[in-house]
Amino acid sequence: MEDINPMELLRSNLSRVRIPEPTNRIYKQECCLSFDSPRSEGGLFVDMNTFLAFGKDYVGWNYEKTGNPVYLHIKQTKKMVSEDRPLKKPTLLAIGVDGGFDNNELEYEETHKIVILPSYATLPFPSVELPEKVRLAVDAILMAEGAERKEQVAAWTADKKQISAYAMDLRQIGNVVVPPSGWKCAKCDKRDNLWLNLTDGMILCGRRNWDGTGGNNHAIEYYKETGYPLAVKLGTITSDLDAADVFSYPEDDSVIDPLLAQHLAYFGIDFSSLQKTEMTTAERELDQNTNFDWDRIQESGQHVEPIFGPGYTGLVNLGNSCYMAATMQVVFSTQSFCRRYYMNQSLKMAFETAPADPTVDLNMQLTKLAHGLLSGKYSFPAVEKGETTAPSVKDAKQEGIPPRMFKAVIAASHPEFSTVRQQDALEFFLHFLDQVERSNAVKPELDPSRSFKFGVEERILCSSGKVAYNKRLDYILSLNIPLHEATNKEELEAFNKSKAEKISEGKDVSSDEIVRPRVPLEACLANFAAPEEIPDFYSSALKAKTTAIKTAGLTSFPDYLVLHMRKFVMEAGWVPKKLDVYIDVPDVIDISHMRSKGFQPGEELLPEAAPEGAAESSQPVADEAIVAQLASMGFNQLHCQKAAINTLNAGVEEAMNWLLSHMDDPDIDAPISHGSQSAEISIDQSKVDTLISFGFQEEIARMALKASGGDIEKATDWIFNNPNASASSAMDTNASSNGPSTPVDAGLPDGGGRYRLFGIVSHIGTSTQCGHYVAHILKDGRWVIFNDDKVGASINTPKDMGYLYFFERINS
């Protein structure tokens, strides 16, 4: 074999070379089994038949699995940079585009060659000697936009401003001449954050910020009185008119006013002589985001010592992907995920069982991510621009690994996570566990998501003295924050008083004066377990509405307990607001008292809705707890009952989704006809057969299709979310605690109620859809901060500012 000339070898394997079509996905920036890239020591090998890329340690496995022998080898080496170019200040909230933040990318030169396995014989490229087919194939691969690049829009820019609908025919009145400086609000003493109304020249202060800084809302109040739509921020007008900050109140956004020059000239303003003195709204947002919370959660201003090695690998931000980075760092700090995707599964095992395209296989991409984060292979000091050797560990940063392929797979089934917008870390965590559970459905005993799962039981005590029980499964305990339980009430009262005085004098409250309520975590847990009144509960014992008492407890304690702090609440008018609050979280908690006691001797269950005849007794009855919750949101009682019945009492969310999509049904107000309930939804036999072909029983397939309105995908979801559904029970778990049926929580982990805090995901910003997420994790006895690609020893861990808290059971 050794003696064969490489060119002969290539010619004999030409049938294995394909010229890519425009629709082919071509990988050339990253190995599909590891985070090796063309910049890695061994470069990258692109399979010229499948266009998948492999690092030098893995390309042999691909040859064994597929027999594909011909590869394009791509290698990039650093160019020496002669002089340091000056850094420009960013003007755009963007990365890697003109005017945005500099990516500080080093410059590389790229070399190519053809490699033939298994002997690794090489041929130079470019070369006129190569067969035309090979030359065309390589050119097409090099010219193509890589699949990785398509999926990662590196240059995220804050939403582009639109031209205001009010600009072109804006009416201007009065004869005010605005002086070039020395402005003050017409209604208070504010001298900054001032806005000039472009209709009549009135100068008023801007909005008050959530932290007490900013203006006194006089400009927006003036718009509400007069309806004058546009204002420009004084101090942002310069000879570069495009940079001026024009705000449209009716459109509630920063806008473009194409006629701004003439609108300003009306008030005698010669913009060419004005110097910029004020920040625009986008800059102020950037600045607001870098104040107190930002500094404290990211531990800015303190020299955080970087840490390298196994388990200390950063994740590159792919454009607003910090919600994913923070969550995955904590997930891979758990034993269950480490064992499943790192200790017990090698990259080779995952690759051998993966489908033809390993980039779309969740098991493969989770194994790749686990090995990337936990092996230490990619956690070392990075070489900065203009340097030739790695810096000293004290000042070093690491490059981190880009979780592109993992994000593409996990987001494929989700319209929100596949964008480059910021997302809610809690929603992502739940979506992630759901996907992991599905991918392990064949061998549930291997499923690491089970270590987070637990049962919740709600007990409803009717005024008749009889009880009903509802059970469900959950991955997180979502806790309300009872602000009235704050431990620093006197300080808060004093602060609110001085704040009111300052505001009335037109002064600012500085961020270091702000006092936030402190609520103990114990109060949040007690609030979850506390009895709650349900008004208008329909009692099947009294055959009338009454007030019932609901209590909740856990039927099993998971290996890992995740507490979600409900910091985002709805204000009047459905405006989401973030509670500015500290939670005092101890290192060890004990939730033993939160275990549900279950059906007790001497208790009497509420009867099933009274049978008025044998035929009707088998009709499903709406779960009153679901109906009560929907009714409390303002939905009609009859509609709520129909929603619960049509989703087989699966839960409030399912019922609400049904309700929202059936509001306009012609028969939505028709009384519930018990006789024909089962005939109401006719089920397509072919859909039943499809579900049977997935391995589900026929009766469960029918129930699932009925509960999801005949939609196969939703029916599959329903089966996964209701693993203990059996046709006989018709999902009637409300009063199932007295029967010998398998409990909902069978086979889940369980143990003692003492837990130790080991992970915190914190959020900075005013809503879950913007801002930044950071993780702090207890590793090897010390707290470590994971802030995208930055990993270092935490100095002041912000334990009181978490959004999600992760606890692990202490096994006595």
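Figure note: ASP669, ASP242 ranked by solvent-accessible area, largest first, 1.4 Å probe, ligands and nucleic acids not counted: ASP242, ASP669.
Each peptide in 218-225, 747-754 gets a packing score, the mean of other Cβ atoms within 10 Å over its residues, and the list from highest to lowest is 218-225, 747-754. The label point for LYS507 and the one for SER15, both projected 7 Å from the Cα toward the Cβ, are 8.8 nm apart.
With the simple spin-label model, which puts each label point 7 Å out from Cα in the Cβ direction, the LEU259 to GLU490 separation comes to 6.2 nm.
The residues neighbouring THR547, those whose beta-carbon lies less than 10 Å from its own, together hold a net charge of -1 under the Lys/Arg +1, Asp/Glu -1 convention. Please compute the net charge surrounding GLY752, taking Lys and Arg as +1 and Asp and Glu as -1 over other residues with Cβ under 15 Å from its Cβ. Its environment carries a net charge of 0. Among 351-362, 448-459, 184-195, 528-539, the peptide with the highest mean count of other Cβ atoms within 10 Å heads the list, and the full ranking is 448-459, 184-195, 351-362, 528-539. Each Lys or Arg adds one and each Asp or Glu subtracts one; over the other residues with Cβ under 10 Å from the Cβ of GLU654, this totals -1. The calculated FRET efficiency for ASP665 paired with ASP584, based on their beta-carbon distance and R0 = 56 Å, is about 0.70. Using a Förster distance of 60 angstrom, determine the FRET efficiency expected from the C-beta separation of ALA165 and GLU129, and round it to 0.05. Here the calculated transfer efficiency is 0.40.
What does the highest-first list of 431-439, 783-791 look like by mean Cβ count within 10 Å?
With the highest mean Cβ count within 10 Å placed first, the list reads 783-791, 431-439.
With a simple spin-label model that places each label point 7 Å from the Cα along the Cα-to-Cβ direction, the separation between ALA544 and VAL383 comes to 8.5 nm.
Length available on full extension from ILE672 to ARG756: 0.36 nm per residue minus the Cα-Cα distance, which gives 25.2 nm.
The values are calculated or read from the model by the stated rules, or taken from the named source; none is laboratory data. Just so we're clear, the structure is a prediction, and the values are computed from it rather than from any experiment. Cβ sites come from the backbone with ideal geometry, for glycine too, and all protein chains shown count toward neighbours. Note: areas computed on protein heavy atoms with side chains; ligands, DNA, RNA excluded. Shrake-Rupley method; radii C 1.70, N 1.55, O 1.52, S 1.80 Å.
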